[in-house]
Amino acid sequence: MSLGSKSSLMTIEAMKKYFDQVENINLKDMEVTLGSKGLSILYNGNPLQKYNGIYAKGSFRYAPLLRSITTAFYDNTYMPIKPNAFTIGHDKLLTHLALQYYKVPMPDTYVVSSIDAAKKILDQVNYPIIMKFPHGTQGKGVMFADSFAAASSMLDAIETLKRPFLIQEYVETDGSDIRAIVVGDKVIVSMKRKAVFGEKRANIHAGGKGEPIVLDSHTQKIAVKAAKSIGAEICAVDMLETVKGPVVIETNLSPGLQGITAATKIDVADKIAMYLYKKTKEFTEKGKTTETTKMFADLGVKTTEKSGAEQQIIANLDFRSERILLPKIVSDLTKFDEGDEVVIKAKKGNISLEKI
């Protein structure tokens, strides 16, 4: 579920290699109705059907819509991004608050309530500094000031916009930063971005050039921790290298994949699709196990092994590519492992497995 960017289309094509069915849902065609009976989610005027998994993403302008849609489906559908992540991750102030709460290293950041308060801070900070708006992507809305005079001039312009903003210490990295793509509890790919001459922003969309980089374990842990702090299993984390170690400057719930794929020669979309399939499968099987266990409990049938006695299980067969997939509860009872050798006896209407 996205706005149909090139990166989203790359991910959709990759997902088709793993899922039986993949649908491309345009966020612009979604509607949410709030009422006393709950949330009503419509797609092209019709109720949105139930899916095993939904990967929702989009720009900050659609954050309220994304949060509403994911809230309606989150309990019964696998989603790699929590509903509140769309509020936190699309707001730089809330992101920094989350990073601070989880003790993720970041540059000193100041939040001000008025232009007068901002001028007092500008009179005390060390220059240069960064001034930025809470909302914006691809480096837009980020300003660089190398002196009090330059910062004051920017304040005059900001005052006319009547928008809140942040003041942040500038970390000198010679115009470079690090982007890491976090998927689950791992950094699957990372690159160093270098700004073009005369530009402070290293973003690819601002003309920056990327090159592959292998992050040390400490930096990887910081990136994963940053993603978890905002409630996302899949996101980009931007960091700066300092003498004290890496600091996180931003997270991105809908990162572009073209630049980092071209720079690293790694099929990022495929790695994301593979993860989505694995987690959706786990979520679906867990749901089936819960439903089966509840059904057994209602019938008074035991489904857990305590004494090693044989258990009787009643369930429908699940076929995947003409192969029988046993319920998870069978795996739990038998304690079979992928490395085990087994004897399989089969005839029409009957099958048995026994560990050697």
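Table for the structure above
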item	result
Condition check for ASP267: more than 12 Å from ALA180 (Cβ to Cβ) and surrounded by fewer than 23 Cβ atoms within 10 Å (Cβ to Cβ)	yes
Filter result for the condition that a residue is in contact with a Phe, Trp or Tyr (Cβ under 9 Å, 6 or more places away or on another chain) and among the acidic types (Asp, Glu), over GLU13, GLU23	GLU23
Segment 138-169, subset at pLDDT below 80 and either in a helix (DSSP H, G or I) or over 34 Å from the mean Cα position of the chain (by Cα) (or both), residue surrounded by the most Cβ atoms within 10 Å (Cβ to Cβ)	ILE158
Condition broken by ILE88, with the remaining ones in (1) among the hydrophobic types (A, V, I, L, M, F, W, C); (2) surrounded by fewer than 20 Cβ atoms within 10 Å (Cβ to Cβ); (3) not in a strand (DSSP E or B) satisfied	(2)
Only one of THR95, THR71 that is surrounded by 21 or more Cβ atoms within 10 Å (Cβ to Cβ) and modelled with pLDDT of 90 or more	THR95
Unmet requirement for VAL196, which otherwise passes all of (1) farther than 22 Å from ALA14 by Cβ; (2) modelled with pLDDT of 90 or more; (3) assigned to a loop (DSSP other than H, G, I, E, B)	(2)
Counted residues, segment 170-188 - those being modelled with pLDDT under 85 and polar (S, T, N, Q)	1
Top-ranked residue in segment 313-356 [being among the polar types (S, T, N, Q), outside any strand (DSSP E or B) and at pLDDT 70 or above; ranked as surrounded by the most Cβ atoms within 10 Å (Cβ to Cβ)]	THR334
All positions within segment 254-286 that are among the polar types (S, T, N, Q), within 30 Å of ILE329 (Cβ to Cβ) and modelled with pLDDT of 95 or more	THR280
Test set (1) among the hydroxyl-bearing types (Ser, Thr, Tyr); (2) closer than 23 Å to ILE266 by Cα; (3) part of a helix (DSSP H, G or I) - TYR18 fails condition number	(3)
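Residue by residue, here is whether (1) of a type in the set (Ser, Thr, Tyr); (2) modelled with pLDDT of 90 or more; (3) over 25 Å from LYS278 (Cβ atoms) holds:
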| site | (1), (2), (3) |
| --- | --- |
| LYS37 | no, no, yes |
| GLY53 | no, yes, no |
| LYS57 | no, yes, no |
| PHE60 | no, no, yes |
| THR77 | yes, yes, no |
| ILE81 | no, yes, no |
| PHE86 | no, yes, no |
| GLY89 | no, yes, no |
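The values are calculated or read from the model by the stated rules, or taken from the named source; none is laboratory data. These numbers were taken from a predicted model, which means no experiment stands behind them. Cβ coordinates were reconstructed from backbone atoms using ideal geometry, including for glycine residues, and neighbour counts include every protein chain displayed.
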